[in-house]
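These notes are about the structure you will find just below.
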Amino acid sequence: MNSKKTLLILAGGLGSRYKGLKQVDGILSNGSPILEYSIYDALKAGFSKVVIIVNTLIPQSYIERLNLIAEAKGFELNWVYQETDSIPIPDFDYSDRQKPWGTGHAVLCAKNVVHEPFIMINADDFYGKEAYQLAAEEINLPHISASQLGMMAYPVSTTLSGNGTVARGICTLDPENYLIHVEEQTSIQSINNRIIYTENGKNIEIALDTLVSMNFFIFHPGIFHVLEDYFYDFIESKPALTQEFYIPSAIQRMIDEKGVRVKVKASPSQWMGVTYADDKKKIINFLTSEIKNNRYPADLWS
């Protein structure tokens, strides 16, 4: 069974540590940023619709570029702007809020254009073609429903940066590989071949093969009404001006309160990302090697 499937790309972040608009920063001479490799892999895996959540800083020239690619390659492309007032909140004063409300809010912004099972990814992460193939299988079988979601996870040792600490969601699973808990740690790094994070001034070591969430989720469209309820709860809690409404926190609440199950699959693909500007050198070398090994064409869209 082949179901209609959507790729939802979160591209609204500001990339403060990268010092630039990394969502549309071309990697090789072909000019394609990482999100285009994600689109390419998803199309090959049977996805036919792409929705991109963006901020107002995305250049119009890039929007026009990808619109032309979508027209030429025959896939549906939707652009959705994430702004502080994208989800109306009655009698709420937005004037002091400096940026949107986080990844949970970003997904919620797509509720009017996504009506089928979908995967959610970050624009600036390279997940690898096998991850999309496995996600497509989960949707096609079909294993994804309002009560069962999915996640592609990666061994923490393959997700680090040599240029500083990273934030990762450490997964705790039951014996059947369903998610019990995901714990966000913001200071993960490798020191002397040991992977550690710091909590309350103390270094804590974790195993190299510990699975972590990289924001690659497989969702049913039923998630939107739950996210909306949770977002209004978040607003009613009177969050600080910089506080955000995150997808992992919403999913944890769904597991705890509603009995939703999240099947976790370990991705066989190599993850790559650009948390820092200097990380770009590593992904340039990686993609160059992938092209030499005929995993990708030199020009994705030729």
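Quick notes on this structure:
- MET272, sole failed condition from (1) surrounded by 12 or more Cβ atoms within 10 Å (Cβ to Cβ); (2) at pLDDT 95 or above: (2)
- The single residue among GLY20, GLY46, GLY26 that is of a type outside the set (Asp, Glu) and either buried (at least 16 other Cβ atoms within 10 Å of the Cβ) or at pLDDT 90 or above (or both) turns out to be GLY46.
- Among the candidates SER237, SER289, SER302, SER249, residue that is surrounded by fewer than 19 Cβ atoms within 10 Å (Cβ to Cβ), small (Gly, Ala, Ser) and modelled with pLDDT of 95 or more: SER289
- Residue satisfying all of: in segment 49-98; surrounded by 15 or more Cβ atoms within 10 Å (Cβ to Cβ) and of a type in the set (Phe, Trp, Tyr); nearest to TYR296 (Cα to Cα) among these: PHE75
- Checking each residue in segment 115-130 for being out of contact with any helix residue (DSSP H, G or I) (no Cβ under 8 Å at 6 or more places or on another chain) and within 16 Å of VAL50 (Cβ to Cβ) picks out HIS115, GLU116, PHE118, ASN122.
- Only one of the listed residues (LEU141, LEU68) is over 21 Å from ALA11 (Cβ atoms) and among the aliphatic types (A, V, I, L, M). That residue is LEU141.
- Per the listing LEU179, LEU141, LEU173, the residue uniquely surrounded by 21 or more Cβ atoms within 10 Å (Cβ to Cβ) and either under 17 Å from the mean Cα position of the chain (by Cα) or over 25 Å from ASP279 (Cα atoms) (or both) is LEU179.
- Residue check, VAL262 of a type outside the set (Ser, Thr, Tyr), in contact with a Leu (Cβ under 6 Å, 6 or more places away or on another chain) and not in a helix (DSSP H, G or I): yes
The values are calculated or read from the model by the stated rules, or taken from the named source; none is laboratory data. Just so it is clear, the structure is predicted and the values come from calculations on it, not from any experiment. Cβ: placed from backbone, ideal geometry, glycine included. Neighbour counts: every protein chain shown.
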